[in-house]
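**Q** Once you've had a glance at the structure underneath, I'll fire off some questions.
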């Protein structure tokens, strides 16, 4: 049954992400279309080079060098920001790249068998990585569960962490996410920012309305409320999108009581830098968008952040390429991290992914929905025996 569920999730992810491939080709603006057209013309030019030099093995190397250099150079020169440069490189690499390699195979298979086999293998690898990154992983949601034992509470507390919804097209995926959250019946839901990321105000209004309806239809009703902070894609009246959920949207830094816990939500500006929490008698949760606030000397019992998306692209055995944060890369992978001051930190990989000019991909970095059980110390169970529930210690 588990395998069937996984297959259904993969199929849903493929369906929801086919549009992402088309977006990467057609683009939101004329620059993306221009770059895609340039790749087509560059491939045609490379074909002509191979026709004239295909009898020489160095001709194939020349074709690849010309293609890679020109595609990379134009991406760097025409991209308006880092994310658009990444989008252009993704178009050139994952769409143009396999075509170039198969062109090499076409011209090489009679005279240079080994080269043809090598290029076929490289093309297959690129295609498989592209399928995983653009179609499978972006909506292949992982549910992570952690436990924390504390002598500051006397009753079991269930917390859901929903970071970086970051969507520009609210739909079935987001509906499924909120159904999963509601099914768990959490006592508290924490939202560390980045909700809707679109180009225009009209799009924002439409997507916000859809998100509000999905939240309402899900029946989500946490016992002690939902708590939200501002991410870096929010607009002025962002708290409005959560007006149907009881709880608190933190526009400025303040601390509120939520049943057995105190929650400090940091403003967008204060959450970007080290923050020293004041010690409290109740179990204390600190929440901000950027994880950098966790570098402060003060401590909350649990600190929660998003923003990094786990890097969104990770190299196997290496980790994320970039995190856009000053915290160690080991902290941003969606784990429960125990810091030297005995605080616990969770930096979620996020539910969504970077939008607007960015390529819609995840690689070796599945989206993540997190549930945390805070357990009274005197009934502590399972903390050290289950690797999915234990903290990673960083001394």
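**Q** Applying 1/(1 + (r/R0)^6) with R0 = 35 Å to the Cβ-Cβ distance of residue 132 and residue 206, what FRET efficiency is obtained, to the nearest 0.05? It would help to have the intermediate numbers written out before the result.
**A** Details: r = 31 Å, r/R0 = 0.88.
Once the sixth-power term is evaluated, E becomes 0.70.
**Q** Give me the one-decimal nm value for the distance between modelled label points at residue 278 and residue 51, 7 Å along each residue's Cα-to-Cβ direction.
**A** About 7.7 nm, to one decimal.
**Q** Neighbour counts of other C-beta atoms within 10 Å: give me 307, 55 arranged from fewest to most.
**A** Details: 307 26, 55 11.
Sorted ascending by nearby Cβ count, the order is 55, 307.
**Q** Using 0.36 nm per residue, how much length does the chain from residue 267 to residue 117 gain when fully extended, once their Cα-Cα distance is taken away?
**A** Extra length available between residue 267 and residue 117 comes to 48.4 nm.
**Q** Multiply the residue separation of residue 73 and residue 378 by 0.36 nm, subtract the distance between their alpha-carbon atoms, and state the gained length in nm to one decimal.
**A** Values: separation 305, 0.36 × 305 = 109.80 nm, distance 6.14 nm.
Length difference between fully extended and current span is 103.7 nm.
**Q** Sticking with this one: Please rank 372, 170, 129, fewest neighbouring Cβ atoms within 10 Å first, as an exposure proxy. Could you put the intermediate results ahead of the total?
**A** Details: 372 25, 170 20, 129 16.
Lowest count first: 129, 170, 372.
**Q** While we're here: For an R0 of 22 angstrom, estimate the FRET efficiency from the Cβ-Cβ distance between residue 244 and residue 145 and round to the nearest 0.05. Numbers along the way, then the final one.
**A** Details: r = 27 Å, r/R0 = 1.22.
About 0.25, to the nearest 0.05.
**Q** Still on this structure, I have one more. Just to be sure I understand, if you calculate Cα extents along the principal axes in Å for this structure, which of (1) 78, 48, 44; (2) 122, 64, 41; (3) 101, 62, 45 do you get?
**A** (1)
**Q** How big is the shadow of the Cα convex hull of segment 202-290, averaged over all directions, in nm²? Display every interim value, and only then the final one.
**A** Working: hull surface 25.1 nm².
Here the figure is 6.3 nm², rounded to one decimal.
**Q** While we're here: Taking every DSSP beta bridge with both residues inside the chain, roughly what % is antiparallel (nearest 5)? Mind showing how you got there, number by number?
**A** Working: 15 of 51 bridges.
For the chain, the DSSP antiparallel bridge percentage is about 30.
**Q** Rounded, prolate or oblate: which fits segment 110-210 when a ≥ b ≥ c are the square roots of the eigenvalues of the alpha-carbon gyration tensor, with rounded for a/c under 1.5 and prolate only if a/b beats b/c?
**A** On the way: a/c = 3.85, a/b = 1.78, b/c = 2.16.
In terms of gyration-tensor shape, oblate.
**Q** Among 331, 47, which comes first, then next, by fewest other beta-carbon atoms within 10 Å? Walk me through the numbers on the way to the answer.
**A** Values: 331 22, 47 15.
Fewest-to-most ranking of 331, 47: 47, 331.
**Q** 222 nm [θ] for the chain, helices only, -39500 (n - 2.57) per DSSP H run of 4+, per residue, to 500? Could you put the intermediate results ahead of the total?
**A** On the way: 8 runs with 141 residues, N = 395.
Mean residue ellipticity at 222 nm (helix-derived): -12000 deg cm²/dmol.
**Q** Considering only C-alpha atoms, what is the centroid distance from segment 153-184 to segment 210-246, in Å?
**A** Their Cα centres are 11 Å away from one another.
**Q** Here is a follow-up. Which whole-number percentage describes the relative contact order of the chain, with Cα contacts under 8 Å and a sequence gap of 6 or more? Can you show the working numbers first?
**A** Details: 803 pairs, mean separation 76.3, N = 395.
19 percent.
**Q** Per residue and in Å³, how big is the convex hull formed by the alpha-carbon atoms of segment 247-308? Intermediate results must be reported in sequence, preceding the final value.
**A** On the way: hull volume 4.6 nm³, N = 62.
Cα convex hull per residue, to the nearest whole number: 74 Å³.
**Q** For segment 325-380 and segment 33-63, what is the separation of their Cα centres, given in Å?
**A** 43 Å
The numbers here are math on the coordinates, done by the rules we state, and not lab data. Keep in mind that what you see is a predicted model, and the values were worked out from it rather than measured. Note: ideal-geometry Cβ built from the backbone for every residue, glycine included; neighbour counts use all protein chains shown.
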